[in-house]
Structure formats: C-alpha cells, structure tokens
Amino acid sequence: MSAGAGSPSSGLPRVLVVSHNPFSDLQSNGKTLTAFFDGWDPDRLAQLFFTMDAPAFSVCRRFYRVTDVDMLRRLLRRPSSQGPVTADAVARTDAVRADLHRGRLFRMVRWMFQRRWPSALVLRSWVWSDRWATADLDRWLDEFDPEVVLFQSSNCTFAFDVVATICDRRGIPLILETTDDYVTRTSSRDPLGGLYHRQISRAYQAAVDRSHVVIAIGQKMAREYAARFGGRYEIAMNSVDALENVDAPGSTASPVVLHYAGNLGLNRWRVLAELGHALDRLHALDGIDAQLEVWSLVEPEAGELEQLTSSARVRFCGSASSEQLADRRREATALVHVESFDRHNREITRLSISTKVPEYLASNRPVLAIGPSDVASIEYLTEHQAAEVVTTASVEDLVAALRRLLGDADQRRAYAARGAGLVREHHLRSRISAMVRTEILEAARG
C-alpha cells in the first residue's frame, strides 16, 4: 500500500501540484499555491517542481525536484541530482541562498528566461523531452498515489507534457491554474517565435480540454481565455490571511518613505528609476524629502542596479522575510506598484495581477500605482479607485501624482479604506482556499 494511501483519511483527495516554483512564503507564484492549500492535510499534498528554489514546508512536506541542470546532465549522459527534497536538505542560511542567486550560471539562466526568448524556450523543452521520466520519479509518484493534479501553467511545453503523461498514465483529473499570459504571441523578432507560439498554444488548448476547471488570476484573463480556448473558469486572485492591524495613514513624516517589494524583472526597475528622478524633482521644487526603498529576492544585474539607484533617493535593500516586509509596510507613507511600459513586457503582463497587490491593499496604506492603463493590475486599481494611478512614466506626471498623494491626508485614508474593502470582497485567503477545495473535491469525485 502506498504511503499516501496508507495514511489516515482526512476526507481530502491526494493532490499532486506540478509547477516551476515550489510552495513558498516569499516568491509570488509559490505564495499563491501556499494560499490555495491553507488548512489542507499536508500528508495529502505533494509537489513536483522544476527550479533550484528551496520549498517552504509550511503547507506541504513531500517534494520532488527536477531542474534544467538535471536535464542537461542527462543529455550529456552524466548523473543528475533530481529526486525527493527534504527539509534537512534545503536548510540553508540567508547568506548561502544569496550566494546561489549571485552565481554566474544562475544569473545567466535567469537573464535568458526572464526575457522569454522563444528560441530559448523551444530549446529548453527539447532538452527536457522525456528525460525527466525516471524509475525513481515513478516510485515517488506510486508512493504518494495522487488522485488529482493541480498544474500551475508554464511558458514551456515540456511542463505540459509532464502533466499530460502523469494524468494519462494514472487516469486522474487535472485542474489548471494560470497566473501569467504565456500563450499570446508577443512582438518578439525571434525567428522561432511562430513555432513557439503554435507549440505553447496547442499545449495550453490540450490542457484546457482535459481540465475540470481553469483557475485564472483575474476576470480579464478569464474572459479572454474563455473566448479563445473554451473551458470553465474560476477566479482566484492572490490572497492574504487578514487585514493588517496598523494605524490609518495620517500626516506625512519627514522623510517620506515609499516602499516597493517585488520582482524587478520585465523592466520594472526602469519605472522605479524614473520614480527616483521624480523624487529628486519633487525635492528641488517643493523641498519634500522622500525616499524610495526597493526590496527584491534577487539582486538586479550590476548595470541595472546602477541605473535603479542613480538617484540618491532610491535605496536597494535586498531580500527580507515576510515578517520584515510587513514591518517595513507599517513604517511606509505609501506603497509602490509598477508595471513596465515597453511594448514587449506590456504584452506579457497585460492579463496578470501581481501577488503584492492584495498585500498592499491589506496594509492600511495608500498605494501609488504606475503602469500602462491596459494592464490588468492597473485597470483593477483604477476601476476600484484603490490607488493613486499614473499611466505614464513621465517625470512631470509622477511629480504631480506624488504631490496629490502626499499633500492630501484625507485622500490617503480614502485609498487605504477602499483597499481594505477590496480585500474583504476578493482577497481573503479563507475565501480562495474554500473555492479551490470545492473544485478539487468535485474533480476527484468525477
């Protein structure tokens, strides 16, 4: 009898989560998965994931990792290290984790895949092919004996192949979750762009066709994907446990602290650099002493970091725990959300809503949102009047927005109050996890 099947029944199906990123308390997609399974029996949960990141064992205890390095080693007929991951094996200090993220190979691979070059993604899927399928992985799956697969979708076709193979061989249902738009062709001039788009679109369509339900990150994505791919959709935006219990925003102290925490990729760092220039202008014109603190799990490349901090009013602070970031939000005058304005990255982010948006809205702090008007997260905040929104990267427009936000305490309190209302309606973890639980139970019953 399998280990999973032999454990005391909690009435919940055994769920295999397949994703690039592991469960996490810090990383965006990993945090989304952790929220989905809040309160789930950890003995009835397992994850197969594809990065070098260390998983969080707060929700799930059973992990199996296969990485690009493993596949390259197997291609070269060399032994790989793919296999189960235990808490003892991933215990490491913050310094060791930082060293990993500063490594030359890690940074090169991250640089390539952040840009989503079709040629690199086609090559990546070719390298994987069926090399991931090993007797060791089969034994691990047999021991857990999953009843449902939840797949956090990918921009690489190999991940869809992995999921289809597992579902077919074991005769189990699929739930598909989509946080980013990987299937809309972008303006890339890559010669393999057409081939990649056809491959990923076919893979996504096949996944939708076999799925019990598709869980989309927002209403805009659900509407567009339903029209393109069919299927049944539920909405699960990122979530928080509860509203943060902090004082309402009042008069601005000196210096003013603007807080940004999140991914700097997709040229978001460029928008933050422009905000730094706007802070310089604001100080020169109005004498307002304002600082922007930037927190991110991975340090940007040297050239990007130099441009990001070209204003002395911008400080890159590195990574921090979720508790430390919550402390910094409490100290902040306002929180900053940005999306890129360049065409390529605008196409990538137009249907996505960042993990940090609900965290910001729950913080009882006003939000300054900067990004194109047609990107989903900016649309969402604009529609609900939950942020001071700037839809250009013009320094003049940014200065005007900063004046409005910092000069009106009543408006800051109004933004914070509307944010709290949105959290109660759409972003409480208990609501999201209850919906996911219902869908998994229905899928398992067939």
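The values are calculated or read from the model by the stated rules, or taken from the named source; none is laboratory data. Only a predicted model underlies this, so the values are computations on that prediction, with no experimental measurement involved. Positions of Cβ are backbone-derived with ideal geometry, glycine not excepted, and every protein chain shown enters the neighbour counts.
Couple of notes before you dig in:
- Residues of the range 213-249 that are in a helix (DSSP H, G or I), among the aliphatic types (A, V, I, L, M), surrounded by fewer than 20 Cβ atoms within 10 Å (Cβ to Cβ) and touching a residue at least 60 places away in the same chain (Cβ under 8 Å): none at all.
- Of residues in the range 166-187 being at pLDDT below 95 and of a type in the set (V, I, T), the one nearest to E147 (Cα to Cα): T179
- Residues located in the range 184-212, provided they are out of contact with any Leu (no Cβ under 7 Å at 6 or more places or on another chain), assigned to a helix (DSSP H, G or I) and hydrophobic (A, V, I, L, M, F, W, C): L195, I200, A203, A206
- Among the residues listed as A302, A278, A284, the single one being of a type in the set (G, A, S) and more than 20 Å from G407 (Cβ to Cβ): A302
- Residue that is surrounded by the fewest Cβ atoms within 10 Å (Cβ to Cβ), among those in the range 11-32 that are of a type in the set (G, A, S) and not in a helix (DSSP H, G or I): G11
- The criterion of at least 2 residues that are crowded, with 21+ Cβ neighbours inside 10 Å and touching a Leu at 6+ places or on another chain (Cβ under 8 Å) is met, among strands (runs of 3 or more DSSP E) falling completely within the range 308-397, by 334-338, 367-370, 388-390.
- Of all residues in the range 116-155 being surrounded by 16 or more Cβ atoms within 10 Å (Cβ to Cβ) and charged (D, E, K, R), the one that is modelled with the lowest pLDDT: R116
- First in the range 422-437 and on the phi < 0 side of the Ramachandran plot, second anywhere and of a type in the set (F, W, Y), Cβ under 7 Å, 6 or more apart: I432/F36; S433/F36; S433/F37; V436/F36
- Among (1) within 18 Å of G446 (Cβ to Cβ); (2) in a strand (DSSP E or B) - the single one R169 does not satisfy: (2)
- A35 passes every criterion in (1) closer than 25 Å to L297 by Cα; (2) part of a loop (DSSP other than H, G, I, E, B) apart from (2).
- Residue among R343, R330, R315 that alone is out of contact with any helix residue (DSSP H, G or I) (no Cβ under 6 Å at 6 or more places or on another chain) and closer than 25 Å to T382 by Cβ: R343
- Residues (under 21 Å from T349 (Cβ atoms), touching a residue at least 40 places away in the same chain (Cβ under 8 Å), in contact with a His (Cβ under 9 Å, 6 or more places away or on another chain) and not aliphatic (A, V, I, L, M)) located in the range 261-314: G262, N267
- Listed conditions (1) at pLDDT below 95; (2) outside the structural domain of S119 (by TED's automatic domain parsing); (3) under 26 Å from L428 (Cβ atoms) are all met by Y260, apart from (1).
- D53 in a loop (DSSP other than H, G, I, E, B), buried (at least 18 other Cβ atoms within 10 Å of the Cβ), at pLDDT below 95 and charged (D, E, K, R): yes
- Selection status of A278, over 17 Å from E339 (Cα atoms) and either among the small types (G, A, S) or at pLDDT 95 or above (or both): no
- Filter result (in contact with an Asp or Glu (Cβ under 8 Å, 6 or more places away or on another chain) and of a type in the set (V, I, T)) within the range 357-376: V367, I370, V375
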